[in-house]
Amino acid sequence: MCYTTGIVRGYAPRRQAPQVYGVARQLYPREVAHGKDNYPDRQRPAGPGPYSQAVQSGGLIFVSGQGPFDPRTGAVIGSTIQEQTAQCLRNITAILHAAGSSLDHAVSATFLLADPTDFAGMNEEWSRWFPTDPPARQGARHPLAGQGPRISIALVAAAGT
């Protein structure tokens, strides 16, 4: 290290945006929305760990995976996959509403199912919430399958206009 310049020999600070697959990556400032800081009435479910329920960046809102939990008690809502899917989407709706957006602006979703045989029931409820122009989506088996929640849904939506 050169003590006069503070530069490590052979290393020069990068002056251009980093390249991702040959394309300059857009760098956006990040705005984090924490439910308990902004909404003490707890209309949004509180997270069990150190993560943001939603992050807004570059015109998009990234909603962390939401389970079928009651926002006030933390209890699992519903016993069927349809009821639990509806509760996940109600929780996501509340988070998007607080961020000034809605499910109408959803562009992508990821769902995790505890039991792959629940796919048909989840799909049935999904089509009620997204009758036309549904978002792109992908799914997988939840690695922590067991008692309680049968589904978790994460969603990306465009910021409201």
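Numerical summary
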{"quantity": "Tally, over the range 118-155, of residues that are among the β-branched types (Val, Ile, Thr) and either within 20 Å of Val76 (Cα to Cα) or touching a Leu at 6+ places or on another chain (Cβ under 6 Å) (or both)", "calculated": "2"}
{"quantity": "Ser127 vs. criteria part of a helix (DSSP H, G or I) and closer than 23 Å to Ala159 by Cα", "calculated": "yes"}
{"quantity": "Within the range 31-88, considering residues that are assigned to a loop (DSSP other than H, G, I, E, B) and touching a Ser or Thr at 6+ places or on another chain (Cβ under 9 Å), the one modelled with the lowest pLDDT", "calculated": "His34"}
{"quantity": "Flag if Thr93 is more than 23 Å from Gly74 (Cα to Cα), hydroxyl-bearing (Ser, Thr, Tyr) and part of a helix (DSSP H, G or I)", "calculated": "no"}
{"quantity": "Residue ID - nearest to Val107 (Cα to Cα), chosen from residues in the range 135-161 that are at pLDDT 95 or above and surrounded by fewer than 14 Cβ atoms within 10 Å (Cβ to Cβ)", "calculated": "Ala136"}
{"quantity": "Unmet criterion (only one of (1) touching a residue at least 40 places away in the same chain (Cβ under 8 Å); (2) touching a His at 6+ places or on another chain (Cβ under 7 Å)) for Val156", "calculated": "(2)"}
{"quantity": "Identity of the residue in the range 102-122, surrounded by 13 or more Cβ atoms within 10 Å (Cβ to Cβ) and small (Gly, Ala, Ser), that ends up farthest from the chain's Cα centre (by Cα)", "calculated": "Gly121"}
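The values are calculated or read from the model by the stated rules, or taken from the named source; none is laboratory data. Here the structure is a predicted model, which is why all the values come from computation and not from measurement. We place every Cβ from the backbone using ideal geometry, glycine too, and count neighbours over all the protein chains shown.
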